[in-house]
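Written out below as structure tokens is the structure these notes cover.
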Protein chains: 2
Amino acid sequence: MKKIINAPADVVTDALRGMAAAHPDRLRVHLEPDFVTRVDAPVSDKVAVVSGGGSGHEPLHVGFVGSGMLDAAVPGAVFTSPTPDAVQAAVREVDGGAGTLLVVKNYTGDVLNFETAAELAEAEDIGVRTVVVQDDVAVRDSTNTAGRRGVGGTVLLEKIVGAAAARGHDLASCHEIAERVSAGVRSMGMALTAPTVPHVGEPSFELADYEMEIGVGIHAEPGRERVELESADRIVRRLLEPILEDLPFREGDEVLLFTNSMGGTPPTELYLAHGVAERFLAERGVRVTRRLVGPYITSLEMQGMSFTLLKLDDELRQLWDAPVSTPALTW
Amino acid sequence: MKKIINAPADVVTDALRGMAAAHPDRLRVHLEPDFVTRVDAPVSDKVAVVSGGGSGHEPLHVGFVGSGMLDAAVPGAVFTSPTPDAVQAAVREVDGGAGTLLVVKNYTGDVLNFETAAELAEAEDIGVRTVVVQDDVAVRDSTNTAGRRGVGGTVLLEKIVGAAAARGHDLASCHEIAERVSAGVRSMGMALTAPTVPHVGEPSFELADYEMEIGVGIHAEPGRERVELESADRIVRRLLEPILEDLPFREGDEVLLFTNSMGGTPPTELYLAHGVAERFLAERGVRVTRRLVGPYITSLEMQGMSFTLLKLDDELRQLWDAPVSTPALTW
């Protein structure tokens, strides 16, 4: 295992210490239990938006804490759900009296632990609503998931609902907007290489030099099929066709196209794939009016990428365009 | 070779097409010769800041085009200098009547080709000054370099001099500020894995499973030594001690600490190393007051990292803090 770390068991805490040092003006980092809040939390009378999940997908979620996005993020161990008490502590810290929206990716452990945390918070008279993101069209009922996995759509949802909360929408309205994003977003990914979880020390799967995994999950869960490496043109088609078939995105639809690196894929390859995808969608009459290109939901050092398509309406587009200021996303 | 590409010879052009599609509101992408300008170039009566170099280090330089940073970037083929005519075409496109500052990393091909481009531009009555960045303390006279290599300091210099130009400093003043940054900045990097150049198809060097390269260059040039993999604590010390010995940065100095991923190193490891570096510097009384953490000058998919330290004074700090809006750096 080749990593720049000290003790494998301390990776998440050590990285959080580094985040605290790097962003003293933006973030407050809490340890034991581990969570990150915006430095000015709680914001009075604003709905708090809280997310979390296993570490190893950075910048998701800790890099998205800040004005216009998340009030708090709760990182578990690598690829492991955060505990209910950590989520509860984060909710308690950031609730500003207008309630809290929990953004949860659909993995069994995450769903259970956030559910318990919601009950604990409600027992303290904090209003809580939850949205579960399940946008991965690749497979159903994967490793650690009943139903579809939550992947790239989570990034877009956190940005949009964060903007809604910043604009003063109440908890019911934030929840409605989050459900609308969830209903209109679909993703699919692929991998060229496997990630290595620090406390495991071995790659999460074996892939031959000439192979790629189509439909891979962000925890290196198996996808739809393992095939020989192909051109970028064919890879893009393999990812976008199932997305278009699923929702479906139709001619004339206005969409946001999110081209995501799984971590190890460099910008040249990612922009190249993004260009291919824009042409593919233009040929089908799908209008891409907003874009996000970069490593925003990753799987440690895994090489690979994913596409996410989100149907936009006027309100969602305006919320996407609204200002955001976080370590990983700012405009 | 595992990459998401079509023909290896077309990688740079294909990626530029993707950048054009991704950032239509910010960038104008020119092909044959290839260069990228801010969409509103030329900006009248502002010094234009132009940089460039071989591709494969993204976001440097193309991702730094925008207000408050570069007016144009000229990407060559992967790890290959851009041609003088491409640089000349970019300068012609962005010069707003106040002259152009060329930011060049110290590699023999880059220095020669930018020199020729400067002469061509001057023949057209465009005022040109050049700063050559040579901040890598690892080695002298490396592959393709006479003297020290230009690495991470380039990112900081482009941000700071871009801000000076945006504030209305004239060409002589921008050049003086650039030279001051160059004089006060030092870097050193390391690698865990080798990158693979698309048109070569094989890793740029061989490194055993238990080895790392200390002092590596951003084109995978050899460093100071190849040693067994160590803890993050020891790696950080191996990079920072030569930097502190070289300038030297002294107790009480105010510095910017830039912790850079070479591409394949994920945020957890990078933040972890950043945290170790902040403690190391604090113990020596060096005051870190500004930070940058992320993959900003990379070597394709290479796993590894580098540190850059820049001495700050009031003016440099204010220019660093000034607004910037580019695809890869915004605040």
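Here, each number is a calculation from the coordinates, and none is a lab measurement. All values reported here derive from a predicted model rather than from experimental measurement. Cβ coordinates were reconstructed from backbone atoms using ideal geometry, including for glycine residues, and neighbour counts include every protein chain displayed.
Segment A:45-96 and segment B:18-45 have Cα centres separated by 37 Å.
The trypsin sites (Lys or Arg not before Pro) of segment B:252-330 that meet both conditions, a loop assignment by DSSP and at most 15 other Cβ atoms within 10 Å of the site Cβ, are B:R284.
Partners of A:K2 within straight-line reach, counting lysines whose Cα lies under 27 Å from its Cα and excluding those fewer than 8 residues away in the same chain: B:K2, B:K3. Computed 3J(HN,Hα) for segment A:115-128, one whole-Hz value per residue from the Karplus formula 6.51 cos²θ - 1.76 cosθ + 1.60 where θ = phi - 60°, is 4, 4, 4, 4, 5, 5, 5, 5, 5, 9, 6, 9, x, 10, glycine and proline marked x.
Looking at segment A:92-140, the GluC sites (Glu not before Pro) that sit in a DSSP loop and have at most 14 other Cβ atoms within 10 Å of their own Cβ are A:E124. Put the Cα centre of segment B:157-186 next to the Cα centre of segment A:261-319 and the gap is 35 Å. Placing +1 on each Lys and Arg Cβ and -1 on each Asp and Glu Cβ, with no other charges, gives segment B:185-320 a dipole about its Cα centre of roughly 440 debye.
Quarter the surface of the alpha carbon convex hull of segment B:185-320 and you get the mean projected area, 8.3 square nanometres.
Magnitude of the charge dipole for segment B:9-157, about its Cα centre and with charges confined to Cβ atoms of Lys, Arg (+1) and Asp, Glu (-1), is about 440 debye.
Just to confirm the filter: which GluC sites (Glu not before Pro) across segment B:232-331 are DSSP coil and have at most 11 other Cβ within 10 angstrom of their Cβ? Sites meeting the loop and neighbour criteria: B:E251. Extension gain for the segment B:S173 to B:E124, taken as residue separation times 0.36 nm less the Cα-Cα distance, is 15.4 nm to one decimal.
Once both labels are positioned 7 Å from their Cα atoms along Cα-to-Cβ, the gap between A:A282 and B:L31 label points is 1.0 nm. In chain A, the DSSP beta bridges split such that about 55 percent are antiparallel, to the nearest 5. Along the axis of the charge dipole computed for segment B:61-151 (Cβ charges of +1 for Lys and Arg, -1 for Asp and Glu, origin at the Cα centre), the listed residues B:L120, B:L101, B:G76 are led at the positive end by B:G76. Our summary of shape: the Cα atoms of segment A:14-183 have principal axis extents of 40, 37, 29 Å, ordered from largest down, in whole angstrom. Of all lysines in the structure, the ones whose alpha carbon falls short of 27 Å from that of A:K311, not counting any fewer than 8 places away in one chain, are A:K46, A:K105, A:K159. Just round it to a whole percent: the fraction of Cα-Cα distances in segment A:156-209 exceeding 18 Å. Value for segment A:156-209 (Cα pairs over 18 Å): 56 percent. Remark: mean inter-chain Cβ contacts per residue of B:259-266 equal 6, using a 10 Å Cβ-Cβ cutoff to other protein chain atoms.
If both residues of a DSSP beta bridge must be in segment A:14-183, then about 25% of such bridges are antiparallel. Here the ratio of the Cα radius of gyration of the protein assembly as shown to 2.2 N^0.38 Å is 0.91.
Under Stokes-Einstein, with the Kirkwood radius over Cα pairs as Rh, the value for chain A at 20 °C and 1.002 mPa s is 109 µm²/s.
Ascending distances from the B:A7 label point to its copies in the other chains, with the point 7 Å along the Cα-to-beta-carbon line: 5.5 nm. Among beta bridges from DSSP that stay inside segment A:185-320, the antiparallel ones total about 75%. Only helices enter the 222 nm calculation for chain B: every DSSP H run of n ≥ 4 contributes -39,500 (n - 2.57), and dividing by all residues gives -10000 deg cm²/dmol, rounded to 500.
Here is how far apart the A:A322 label points are across copies: 3.2 nm, shortest first, using a point 7 Å from Cα toward Cβ. Given +1 at the Cβ of Lys and Arg, -1 at the Cβ of Asp and Glu and no other charges, the dipole of the protein assembly as shown around its Cα centre is 380 debye to the nearest 20.
If you sort the three axes of the alpha carbon gyration tensor as a ≥ b ≥ c, you get a/c of 1.5 or more for segment A:111-257 and a/b no higher than b/c, which makes it oblate. Between identical copies, the spacing of A:S173 label points, each set 7 Å from Cα toward the C-beta atom, reads 4.6 nm from nearest to farthest.
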